[in-house]
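Readers should treat all values here as calculations from the given coordinates under stated rules, not as data from a laboratory. All of these numbers come straight from a predicted model, not from anything done at the bench. A quick note on method: Cβ atoms are made from the backbone with ideal geometry, for glycine too, and the neighbour counts reach across all protein chains shown.
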Amino acid sequence: EAAEKGGFEHFMMKEIHEQPKAILDTMNSKIKDGRIDLSDVGLSEEDIKGIDQIYIVACGSAYHTGVVTQYVMEDLARVPVRVELASEFRYRNPILNKDDLVIVVSQSGETADTLAGLRLAKEQGVKTMGIVNVVGSSIAREADNVFYTMAGPEISVATTKAYSAQLIAGYLLSVEFARVRGTITEEQYQGYITEMKTLPEKIDKIIEDKERIQWFASKQANARDIFFVGRGIDYAICMEGSLKLKEISYIHSEAYAAGELKHGTISLIEDGILVIGSLTQDSLYEKTISNMVECKSRGASLMGLTNFGNYSIEDTADFVVYVPKTDPHFAASLAVIPLQLLGYYVSVARGLDVDKPRNLAKSVTVE
Ligand code: G6P
């Protein structure tokens, strides 16, 4: 097993380091001569033009990538997107129309609820697509169209590289849908592809700085509750950061849309509680800063996660992690990395079984 871990102490850390390759391989499988080519997925331009609404159906972290894709797809391609937890979708008699596209997202391709959601959509005669990592899995076999993520085998229960590859799949689909549907210019299209290609190198840079996060994580080992707040894509980033932390460190944590704090959560803020603000979206930066200030005045200690250049955050936050700048649509790919590292190092600091957290399975194949 030591050999399989490639010199890392845990599979999770190995897989964190494999993320640049996972997303590069996923991009390379769909970008030919500088243009996105979905022909192996089986979606034609006619199909893309005819879609009225997209449902994204998934569980766990795969669901979180769906939330990111919803923001990106709606903003770029102006197609309405609904994101659904598969376990809810399958039992609530969803209203599906013939021009809808149901996208199910699953690393394993075997998650029982996601598979049931796919079958339900097919029974209703709706076009379906799987974003799947495991070749030949049930979802890959049953979906009308398959977009394979190229993350390779993932061992750690807490997903990292498959999550990152799913995000890339969402970006590629969004940018291509936007081009086909005429909601972005050729220049913007080229710009998005160029920017996407810079992500692997930027992720490498973030990982290089992991010791700083390790230091911060060691101080959180005895935390009781940790809150994550953000708006828009940052809210989606918070959902994943919070799940990573709780699943492997067993520390209670929640992700809140920053604007919702006032509607209840802020009553939970007490002296010394850590609030992590994600602020990668410059248009929402000031709004989330003011929510963080409100938490601070109630005794919270603050960690800020933002882009290089936003140094005014140091006036508010006690600890700041900067990530390289990218197009705001792709920010989740960078901001999630420090949060994966935080979860990892808190788990290690608590002496827990990082790769095999209690009560959890890599793939949930029964209800
Ligand atoms: C389990 C795993 C998660 C994963 C979820 C969905 O809960 O621990 O990491 O996100 O299942 O799995 P899937 O294989 O469908 O992506």
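Values as computed for the structure displayed
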{"quantity": "Reachable aspartates and glutamates, given that their alpha-carbon falls under 19 Å from the alpha-carbon of K296 and they are not under 8 places away in the same chain", "calculated": "D225, E254, E260, E270, D271, E286, E314, D315, D318"}
{"quantity": "Between helix 233-249 and the chain: long-axis angle, C-alpha atoms, 0 to 90°, nearest 10", "calculated": "70 degrees"}
{"quantity": "Net lengthening on full extension, Q214/H263 (0.36 nm per residue, minus Cα-Cα)", "calculated": "14.3 nm"}
{"quantity": "Helical contribution to [θ] at 222 nm, DSSP H n ≥ 4, -39,500 (n - 2.57), averaged over the chain, rounded to 500", "calculated": "-13000 deg cm²/dmol"}
{"quantity": "Least to most buried among Y322, Y256, Y311, Y250 (fewest other Cβ within 10 Å first)", "calculated": "Y311, Y250, Y322, Y256"}
{"quantity": "Filter on K219/K287; K202/K356; K14/K210; K205/K246 - keep pairs with C-alpha separation over 21 Å", "calculated": "K219/K287; K202/K356; K205/K246"}
{"quantity": "Rel. contact order, % - alpha carbon contacts under 8 angstrom, at least six apart, segment 1-155", "calculated": "23 percent"}
{"quantity": "DSSP-defined antiparallel bridges as percent of all bridges, segment 12-106, nearest 5", "calculated": "15 percent"}
{"quantity": "Amide N proximity, segment 63-107 versus Q188 label position 7 Å along Cα-to-Cβ, cut-off under 16 Å", "calculated": "71-80"}
{"quantity": "Estimated FRET transfer efficiency (S312, A2; beta-carbon r; R0 56 Å; 0.05)", "calculated": "0.75"}
{"quantity": "Sites matching trypsin sites (Lys or Arg not before Pro) across segment 198-293 that sit in DSSP coil, with at most 13 neighbouring C-beta atoms within 10 Å", "calculated": "K219, R224"}
{"quantity": "Length released on extending from D327 to K98, taking residue separation times 0.36 nm less the Cα-Cα span", "calculated": "79.1 nm"}
{"quantity": "Eligible lysines near K98 by straight Cα distance, threshold 29 Å, same-chain separation 8 or greater", "calculated": "K30, K49, K122, K127"}
{"quantity": "Under Karplus coefficients 6.51, -1.76 and 1.60, residue-wise ³J(HN,Hα) of segment 270-276 in Hz, glycine/proline x", "calculated": "10, 3, x, 5, 7, 10, 9"}
{"quantity": "Burial ranking of peptide ranges 265-271, 348-354, 24-30 (average Cβ count within 10 Å, highest at the top)", "calculated": "24-30, 348-354, 265-271"}
{"quantity": "For V57, residues with placed amide H under 5 Å, excluding near neighbours", "calculated": "E84, I103, V104, V105"}
{"quantity": "Exposure proxy order (Cβ contacts within 10 Å, fewest to most) of T198, T65, T128, T326", "calculated": "T198, T326, T128, T65"}
{"quantity": "Taking N as its residue count, the alpha carbon Rg of the chain over 2.2 N^0.38 Å", "calculated": "0.95"}
